[in-house]
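The values are calculated or read from the model by the stated rules, or taken from the named source; none is laboratory data. None of these values were measured; they are calculated from a predicted model. Because the Cβ atoms are built from the backbone with ideal geometry, glycine has one as well, and the counts that use them run over all protein chains shown. With ligands, DNA and RNA removed, areas are computed over all heavy atoms of the protein, side chains included. Shrake-Rupley method; radii C 1.70, N 1.55, O 1.52, S 1.80 Å.
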Amino acid sequence: MATDIQVITKFAPAKRTAWKALEAHYRRVRELHLRNLFADDPTRGERMVAHGAGIHLDYSKNRITDQTLKLLIQLAEESGLQARIDAMFRGEKINTTEKRAVLHVALRAPRGASIFVDGVNVVPQVHTVLERMSHFCNRVRSGDWKGCTGKRIRHVINIGIGGSDLGPVMAHEALRHYSDRSMTFQFVSNVDGTAFVEAVRDCDPAETLFIVSSKTFTASETMTNARTARSWLLAGLNGDEKSVANHFVAISMNAADVAQFGIDTRNMFEFWEWVGGRYSLGSAIGLSTMLDIGPRNFLALLDGLHQMDMHFLSTPFERNMPVLMGLLTVWYNNLFGAQTVAVLPYEQYLHRFPAYLQQLTMESNGKHVTAIGTEVTQSTSPIYWGEPGTNCQHSFYQLLHQGTRLVPCDFIVFGRSLNSLGRHHDMLVGNAFAQAEALAFGKTTEEVKAEGIADWLTPHRVFEGNQPSNMIFAERLTPETLGQLVALYEHSVFTQGVTWNINSFDQWGVELGEALAGQIIPELEAMEEPQLAHDSSTNGLIRRYRSLKDAS
Ligand code: G6Q
């Protein structure tokens, strides 16, 4: 069996003839308008769809032909995508720079499955932790787990950052419909003290449970917030050190530091090196989610993730939704030079979904070297951004409709509302469909003139159209659907990374700024005027801050 590094080298970008073919093809089709593509093929909207794992994807409003798809799939094949997918699911160390397996798929593998890391089947460990989490959540939710004064837990505060925060926040917002409203859930991530102060403002320490979520238990923001939380708790509970046991649990792989902090490791929920932070939603990092929606719903979320994992693993590329979405992103990113992807959920509960995707996509694929360390020759991750509809229509859609940039859009819609209220849902979905239609087909000069618009105003009223979009359609937002959606994007990101031959699973780019902060913070805090050796701008800013601080 080829090791992953052999697979990576074998499928180095230079060996991919599909890129050349795609470039030639792009020159032929780049001017094609969606108006003509649809007019020439009335079945396009029925043909260019894919389904599976609870999701229906209509990708017909993309600036592609059948030949484009063929060449994109050829690119995936030449990139060794299937071999890379298989290697990931087999537990090979495809995160080559950190020498780690990448096994978020094991977190949602059913009991009885076998996935080996260094000769050990990790699936039983996953289920042992899930059982412990379920037991704990049932105790808290039923009131059996009490605070140190005997009161039940009413407030849950997750302290974590990055991958230990964005998934839990997004899931909390997305699944509010399913949440236990007798408890409040807050998420403290920022080292800005405001985050902590506002989170605990209305909380009684005797009713508050902190979840310190940190894979490494070293992230400076998390540890600072956790220490502040500990002091706040003790101040509110007469300094009773024993209270920490009832009011703090940890999620980490660093048992030694958890114990050192004062959290009983029996109240620690483990996760593993092979779970990347931004892929950890289905791990113990989801404890706040499980407390919020209950173990049964959390298992449904895992099931949704798993369904999309299986779809990704075994569906031919031409019907494989994450593969198609990943390749379409590559098409716009690398051939059209599009710089962004807009994610537009027409579902209020998904309002944090674009923010969550920003880390998943850009931390994964914002890379400048290939997996073997050579400079990439093409652009890597586009910038992902977005807001829920219909609000976004009243903010940035002007640019989508009449600006000068190509912005591929992902619309996310649901057939049924969780809060059906008169005509609201029909209006919501009608807007999503209409926007995709307007973006694709626009409005020509002739059409504007035919409306009797004055000549001088006509150019202002024309819509060029030809803005591509995907329509991601599911029946209803449930824990299961959320899992399907998350895995859809996770695997789209993987597909993109494979075509660029980059390692989507490290994040060395977060380190430099952190290291410099480690130098600057003591300079801001020093009693004596520090000797500064930064550039003149940074030196000046430090001095200015110190003088303002001294004045306060
Ligand atoms: C995600 C990253 C990063 C990480 C945070 C928090 O993929 O690894 O966002 O999740 O830096 O790290 P800890 O969980 O170790 O505190």
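At-a-glance table
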| item | result |
| --- | --- |
| Signed unit charges on C-beta, dipole axis of the chain, positive-most listed residue Phe411, Gln507, Gln519 | Phe411 |
| Rounded accessible area per residue of the chain, 1.4 Å, Å² | 44 |
| Distance from segment 220-256 to segment 102-174 (C-alpha centre basis), Å | 19 |
| Dipole-positive endmost among Phe196, His394, Asn238 within the chain (Cβ charges, Cα centre) | His394 |
| Nitroxide proxy distance, nm - points 7 Å out along Cα→Cβ at Ser537 and Asp40 | 4.9 |
| Within segment 73-231: Cβ-based charge dipole about Cα centre, in debye rounded to nearest 20 (Lys, Arg +1; Asp, Glu -1) | 600 |
| Amide H contacts under 5 Å for Ser213, placed H, 5+ residues apart | Ile159, Gly160, Ile251 |
| Assigned charges on the beta-carbon of Lys, Arg, Asp, Glu; the chain dipole about Cα centre (debye) | 680 |
| Arg30 versus Ser547: modelled label distance in nm, points set 7 Å from Cα along the beta carbon direction | 5.2 |
| Proximal lysines to Lys449, defined as alpha-carbon separation beneath 30 angstrom and excluding residues fewer than eight positions away on the same chain | Lys61 |
| Inter-part distance where segment 487-534 and segment 324-367 are each reduced to a Cα centre, Å | 20 |
| FRET efficiency, Glu447 to Val376 (Cβ-Cβ, R0 35 Å, nearest 0.05) | 0.25 |
| Where Rh is the Kirkwood radius over Cα pairs, Rg/Rh for the chain | 1.00 |
| Estimated FRET transfer efficiency when R0 is 56 angstrom, pair Asp455-Arg423 (beta carbons, to 0.05) | 0.90 |
| Rounded tilt (10° steps) of 66-78 against the dominant C-alpha axis of the chain | 40 |
| Difference of contour (0.36 nm per residue) and Cα-Cα distance, Arg47 to Arg319 | 96.8 nm |
| Exceeding the 29 Å Cα-Cα cut-off - candidates Lys93/Lys367; Lys93/Lys215; Lys242/Lys549; Lys367/Lys549; Lys99/Lys367 | Lys242/Lys549; Lys367/Lys549 |
| Accessible area of the chain belonging to carbon and sulfur atoms, whole % at 1.4 Å probe | 52 |
| Options His424, Ala450, His460, ranked by Cα towards positive dipole end of segment 420-463, top entry (Cβ charges) | His424 |
| In segment 405-510, the trypsin sites (Lys or Arg not before Pro) that fall in loop regions by DSSP, at most 13 other Cβ within 10 Å | Arg405, Arg416, Arg423 |
| Antiparallel bridge percentage (DSSP; both residues within the chain; nearest 5) | 30 |
| Reachable lysines, given that their alpha-carbon falls under 19 Å from the alpha-carbon of Lys20 and they are not under 8 places away in the same chain | Lys10, Lys70 |
